[in-house]
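The values are calculated or read from the model by the stated rules, or taken from the named source; none is laboratory data. Small disclaimer: the values here were computed from a predicted structure and weren't measured. Here the Cβ positions follow ideal geometry from the backbone for every residue, glycine too, while neighbour counts run over all protein chains shown. All accessible areas refer to the heavy atoms of the entire protein, side chains included, with ligands and DNA or RNA removed. Shrake-Rupley method; radii C 1.70, N 1.55, O 1.52, S 1.80 Å.
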Amino acid sequence: MLLTSDHTRWAVATSLAAVVAAAAYTVYATSTPYGPSGGSWPGLCFGIAGTACMLSAVFLSARKKFLLWRIGSAQRWMKLHVWLGLLAIPLILFHAGFSLGGPLTTWLMVMFAIVSLSGIYGLAVQQVIPRVMTLRVPMETPRSQIDHLSASLIVDAYEQVASVTGHLPEAAGEQAALAEEEKRNALRPGDWKQVRRLIPAMSPAEGSDTLRNFYLDTIRPYLHRKAFKPGVPPDFARLRFDAPGEWRAPVDRLAEICEESRQLAVQARLHSWLHSWLLMHAPLSFALLVLVAVHVYMALHY
Amino acid sequence: MRSSKDLARRLRFDRFPRPDAFQRWYPIAAALAVVAAIVGWLFIRLGWHERQYLPGPVAPAHATFGDRCQRCHSSFRNVADRACVECHVARAHSEYELEAPRCAACHVEHRSDAVSLAVSNRLCIDCHGALESKRQPKPSIQTSIRDFAEHPQFAALREGAVDRAVLRFNHKLHLNSDRIAKEDTLSCPKCHVPEADGRLMKPINFEAHCKRCHEQKPPLDVGPIEAPHKEPAVVRESIAAQLLVLAVQSPEVIFTGRKSTLPGVPDREPISEARSLRAFQTEWLGKVEERLYKPLNQQAPLLEGNKYCFLCHDSDLDSSPGGLPKIRASAIPKRWLLRGEFSHRRHDSVECSACHDQIRSSERSSDVNLPKRELCQRCHSNVQSRSAGTQCVLCHSYHDTSRHVDPGAPARQVNLGVLLGDAEK
C-alpha cells in the first residue's frame, strides 16, 4: 500500500495517540515507586489498548476472506491495519515497561518484534518496489501469468527460428507445445486468442546454421533458465551482422523475446521481494495471537 | 515490441486458476507458525513449568517456592496478605494509620532481588507528608516530612534533652587521663562492642570493662575481701561468707594474735575482740560496708577519696531494710534512636570520633554524645552525586518492632514447614 496524502489523517491521529500514550507512560513511570509494570492498572490499560490494536490489525485477514461483506472498503481496512499496527508497538512497549519479563513474555516480545519489523519492512518495500518495477519492467504482466508467458516465449522463439531453419529435433518440447496449441485451436476455431504462427521452413535456408547454433547454444538455454534469474540476455550484434537481410525480422523478434523474458524474471524477483515478507509477517501474527491469549489468561489467573 | 492486444491474447485466465507459490505457501506457513508457537510454548513449559509466567525474578527468600505459584497466588485474585503472614509475623504500623496497606503494596515481588524490601520513600510520604490531614488528634511526631532534609533533629538531641542515666561517667577523663597506664589506655572499642547483628552496642559490663581498674576490694587488715558488682543485699551475703572463710582459715590472725619469733618485732595483736564467729562477722561486715557505701565526697580527690560504689552510682534517700543503701538503677538507655534503627557495623569504615566528635571533651554524664542529624546528612543527602541514600527504610521500619513482645526476636519467623510444603510430602 502506498502511503499517500490519503493517510495524513490516519498518521496524525496515530501520532497523537502515541504522544498521549507516551506522556501518560512518562507520568506513570516516574510516579510509580518501583518502576512500571504490566500488572499495574496503567500497565494493564496499555496492554489492553495494544492488544486491541493488534486484534484490529489482524481483522484485515478476516476482511479479505469476506470480500462481499459491507464492513468498509479493503483500502480502509488496510489503513487501519497499518496505522493501528504501528500504534501497537509503543503501547505494547509501555505495557511491558521496556523489559522482557519472564520466559513466556520474552518469547512474546521476540515474536512481536519480528511481526512489527517485518510489517514495517513490508510497508517500506511497498513504497519503493512498485516505482522500481514501473521503471525496470515496461512489459509488466500480471504476476500469475509470468510462468505461462515464460513458457509461451520459449515456443515463440522456436517458432521464429524454425521459420528459417526448419524443424529442430533438439527442441522436441517446443514442437510438442506447438502441436498441442494447434490441436487446441482446431477445437475452438473462432477463438480470438488464437495466434497466427509462422510456418516452419521446409528445408534450412542457406547459412542458417549460424542462427541454428546461436539458438541452441545461447537463446534456448537462456529462455529455459530459472524464472527468478534475469541473467544476461544473449548478444544479438554478431548475429545481426552475419545474418542476411531476410532474417532481420526473426532475429529482431528473438531479441525482443529474450528481453521480455528478462523483464519477466526481473518482475518475478521484484514480486518476491514485494510479497515474501508476508510469509513471515502474517503467519507469525496468528502465532502471536495464540501466545497472547495464553499470556492474558495466565496473567489474569496469577 | 508486442502490443497490449498481443499480450492479452497470450494471457491465460483459467476458470479454476492454479494458486501461485505464495498462495500455496501462505496457509501452510500460517499453520506451521501457529503449531511452532504452541510447540515453543510447550517447550518452555517443559523447562520452566509455572516459572515461565514469572514477570521477573522472585526474591531469594522466596526461591524455595519454586514452581508453586499458588503458594502465594490464588486464581484471578490479588495476592492476599494471609499468604505473607503464613510465614512472616504481621506487625501493625501505628495507631494513627487510617488503613493498613496490603503487604504487596510495599513489598513488590517479581522485580529485582533488592526491590521487595526497598520500600520507596513515596509510600511513606503519602501519609507522612501531611499527617495532620489524615487524623485527629495529631500524632506526637513531626506531621510533615517529605525528605530526609526535612527530618527533625533526633529526639535525644532536641533542646532540653539530656542523658538521664543515673551513673557518673566522665568520658574525657577515661579517654585522656595520663594516670592510666599506657597499655590500659582506653579507646571506644575497648568498652563499646556492637551486638552480633551489628546494630546496637552491647551494654557496658562492669566485670569486662570496669573491674580491671575499679576493683571493689577495700584494703582491710582482716584480709582480701572483694565485693561483687551486685545489689547491696547480695553484696552483704557475699562479704559475710568471705569473712567466715577468713575467720576459719586464719583464726590466729583474727582472734588470738601471733607471738613474734623475731627479736625487735612486736607481737601481732588480734584484729578483733569478738569472741564468736557471728560477732566477728557482724563487726567486720559493718566496717566493709562503711567503706563500700561511703557517700561521694565532692571535695576529696576523685579516686583517692571515692573508690567504691558511689563513685559511679547514686542511692535513694530512703534506705532499704537492714540499713543497706538502695542503689538507683543506672537506667542507661539501650538505644538512643527510639524510632529509628542504626547499624554501627555498616558505618565501621568511619572513625568513632568522626560522628561522636564531642566525646573526648565530654565530662558530664548528662551529655548526649549522639551525632546530630546534620552530620548524617553529610553523607545521606540528595544533593550529593555519591549519596549514601536517603530512603526512609534505611533507618525506619514500617512495622513497629518496638512494641513487639520480644524486641530481640528476629524480624521474621519463618515457618519451615510451610516453606518446604510439598517437597516434604
Residue span A:Arg225 to A:Asn213: 0.36 nm per residue of separation minus Cα-Cα distance leaves a gain in nm of 2.5 nm
Non-local residues with an amide H under 5 Å from the amide H of B:Met201, with H modelled 1.01 Å from N and Pro and chain starts lacking one, are B:Glu195
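Return the subset of B:Lys202/B:Lys294; B:Lys172/B:Lys211; B:Lys172/B:Lys326 for which the Cα-Cα distance in this structure is over 23 Å, preserving the input order.
Working: B:Lys202/B:Lys294 30 Å; B:Lys172/B:Lys211 19 Å; B:Lys172/B:Lys326 28 Å.
Beyond 23 Å between Cα atoms: B:Lys202/B:Lys294; B:Lys172/B:Lys326.
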Which shape class applies to chain A: rounded if a/c is under 1.5, otherwise prolate when a/b exceeds b/c and oblate if not, where a ≥ b ≥ c are the square roots of the Cα gyration tensor eigenvalues? prolate
Using a 10 Å cut-off on Cβ atoms, rank the peptides B:259-267, B:150-158 from the highest mean neighbour count down. B:150-158, B:259-267
Computed accessible area, A:Ser37, all protein chains, 1.4 angstrom probe, square angstrom: 30 Å²
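For chain B, list the DSSP H helices whose alpha carbon atoms reach 24 Å or more along the long axis and whose average Kyte-Doolittle value is 0.5 or above? Before the final figure, lay out each step's value.
Details: long enough: B:21-48 (38 Å, 1.31); B:232-249 (25 Å, 1.25).
Both cut-offs are met by B:21-48, B:232-249.
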Per residue of segment B:324-332, what does 6.51 cos²θ - 1.76 cosθ + 1.60 with θ = phi - 60° give for ³J(HN,Hα)? Whole Hz please, x for Gly and Pro, Karplus curve as stated. 7, x, 9, 6, 6, 4, 5, 6, 6
Cross-link partners of B:Lys259 among aspartates and glutamates (Cα-Cα below 13 Å; sequence separation of 8 or more within a chain): B:Asp267, B:Glu269
28 Å Cα-Cα reach of A:Lys229 towards lysines, excluding residues that sit fewer than 8 places from it in its own chain: B:Lys5
Once amide H atoms are built 1.01 Å from N in the peptide plane, which residues 5 or more positions from B:Ser315, or in another chain, come under 5 Å H to H? B:Arg328
Return the loop-located trypsin sites (Lys or Arg not before Pro) in segment B:220-258 (DSSP other than H, G, I, E, B) with at most 16 other Cβ atoms within 10 Å of their own Cβ; answer none if there are none. B:Lys230
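What is the mean number of Cβ atoms from other protein chains located within 10 Å of the Cβ atom of each residue in peptide A:273-284, rounded to a whole number? Don't skip to the answer; put the middle values down first.
Details: counts 0, 1, 4, 3, 0, 4, 8, 2, 0, 5, 12, 6.
Whole-number average of other-chain Cβ neighbours for A:273-284 is 4.
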Which of A:Gly122, A:Gly85, A:Gln75 sits farthest toward the positive end of the charge dipole of segment A:37-149, with +1 on the Cβ of Lys and Arg and -1 on the Cβ of Asp and Glu? A:Gln75
I need the peptides B:363-373, B:75-85 ranked by packing, meaning the mean over residues of other C-beta atoms within 10 angstrom, with the highest value on top. B:363-373, B:75-85
Under 29 Å between alpha carbons, and skipping anything fewer than 8 positions from A:Lys79 in its own chain: which lysines qualify? A:Lys64, A:Lys65
Rounded to a whole %, the carbon-and-sulfur portion of the accessible area of chain B at a 1.4 Å probe is 57 percent
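Sorted by average packing, counted as other Cβ atoms within 10 angstrom per residue and highest first, what order do A:264-274, A:244-254 take? Kindly include the intermediate steps, with their values, before the conclusion.
Details: A:264-274: 19.1, A:244-254: 15.0.
The peptides rank, most packed first, as A:264-274, A:244-254.
Averaged across B:51-64, how many Cβ atoms of other chains sit within 10 Å of each residue's Cβ atom? Each step should come with its number before you reach the end.
Values: counts 3, 8, 12, 6, 14, 7, 1, 0, 0, 0, 0, 0, 0, 0.
For peptide B:51-64, the averaged partner shielding equals 4.
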Within 10 Å of each Cβ in B:38-48, the average number of Cβ atoms from other chains: 3
Segment A:30-105: trypsin sites (Lys or Arg not before Pro) falling in loop per DSSP and having at most 12 other Cβ within 10 Å: A:Arg70
Ballpark to the nearest 100 Å², how much total accessible area do B and A bury together, probe 1.4 Å? 4000 Å²
Assigning unit charges at the beta carbon (Lys, Arg +1; Asp, Glu -1) and nothing else, what dipole magnitude in debye, to the nearest 20, does segment A:1-132 show about its Cα centre? 540 debye
Compute the angle between helix A:74-96 and the longest alpha-carbon principal axis of chain A, please, reported from 0 to 90 degrees and rounded to the nearest 10. 40 degrees
Principal-axis tilt of helix A:172-187 within chain A, Cα atoms, nearest 10 degrees: 90 degrees
Mind pulling the angle between the C-alpha long axis of helix A:103-136 and the longest principal axis of chain A? Nearest 10 degrees, somewhere in 0 to 90. 40 degrees
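Let me check I've understood the local charge: for A:Pro230, count other residues with C-beta under 13 angstrom from its C-beta, Lys and Arg +1, Asp and Glu -1. What total comes out? Intermediate values should be presented prior to the final figure.
Working: positive: A:Arg136, A:Arg225, A:Lys226, A:Lys229, A:Arg262, A:Arg269; negative: A:Glu259, A:Glu260.
It works out to a net charge of +4.
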